[in-house]
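Input: a single structure, listed below in structure tokens.
Each value in this text was obtained by applying a stated rule to the coordinates, not by laboratory testing. These figures come from a predicted structure and were not determined experimentally. Here the Cβ is made from the backbone with ideal geometry for all residues, glycine too, and neighbour counts use every protein chain on show.
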Amino acid sequence: MYKLVCIIGLLICFSSCHKIAYISLFNKTNDSLRIYCHYNINDRIDSVYIYPNDSCHLGFWGAFQSYEKLKNSNIYNMDSVQIFTSSKRVVYRDKESIYKLFVCNKDTAKIIETKTALH
């Protein structure tokens, strides 16, 4: 009985500490977009496909972190972000430009607009 109570307590604790932070990506062009976020951890890649004048969410999941830390730690671990349209390829390689793209909404190519959402 004691083990069952401990297991239920742990499940409640762990399930209530998980957080998801989203970055909403809005396509401002009349072309479809493909966005690839390359991470330096285990060669992981997040990819997003956005239809013309549509939006999509890039989500980050974590436990025992605030929403800001969760979002910033995932953005900090990105090595590069590649944005493809039918006629352009834009690559952000340094951490400062990736941070400005996702957090400050400063896209130098004027292709996407970003907003942060917390859930």
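Relative contact order, percent, of region 19-118 when contacts are C-alpha pairs under 8 Å separated by at least 6 residues?
Relative contact order for region 19-118 comes out at 36 percent.
Going by how many other beta carbons lie within 10 Å of each one, how would you line up CYS37, CYS56, CYS104, fewest first? Kindly include the intermediate steps, with their values, before the conclusion.
On the way: CYS37 22, CYS56 18, CYS104 9.
Ascending number of Cβ neighbours within 10 Å: CYS104, CYS56, CYS37.
Under 25 °C and 0.890 mPa s, how fast does the chain diffuse according to Stokes-Einstein, given a Kirkwood radius computed over C-alpha pairs? Answer in µm²/s, whole number. Kindly include the intermediate steps, with their values, before the conclusion.
Working: Rh = 15.6 Å.
Taking Rh from Cα pairs, D becomes 157 µm²/s.
Quote the charge dipole size of the chain about the Cα centre in Debye, to the nearest 20; the model charges only the Cβ of Lys and Arg (+1) and of Asp and Glu (-1).
Working: 15 positive and 10 negative charges, 21 e Å.
It comes to approximately 100 debye.
Kindly give Rg over Rh for region 63-119, based on alpha-carbon atoms, with the Kirkwood expression for the hydrodynamic radius.
On the way: Rg = 12.4 Å, Rh = 12.3 Å.
Value, to two decimals: 1.01.
Which residue, ASN77, ASN53, ASN42, has the most motion in a Gaussian network model of the chain that connects Cα atoms within less than 10 Å?
ASN42
Students often forget the sequence filter, so: which lysines lie under 20 Å Cα-Cα from LYS69 once same-chain residues fewer than 8 apart are removed?
Within the straight-line limit of under 20 Å, LYS69 reaches these lysines: LYS19, LYS95, LYS100, LYS115.
Can you sort LEU58, LEU4 from fewest to most other Cβ atoms within 10 Å of each residue's own Cβ?
Values: LEU58 19, LEU4 8.
Starting with the residue having the fewest Cβ neighbours, the order is LEU4, LEU58.
Determine, for ARG34, ARG89, the number of other Cβ atoms within 10 Å of each Cβ, and report the residues in order from fewest to most.
With the fewest neighbours first, ARG34, ARG89 line up as ARG89, ARG34.
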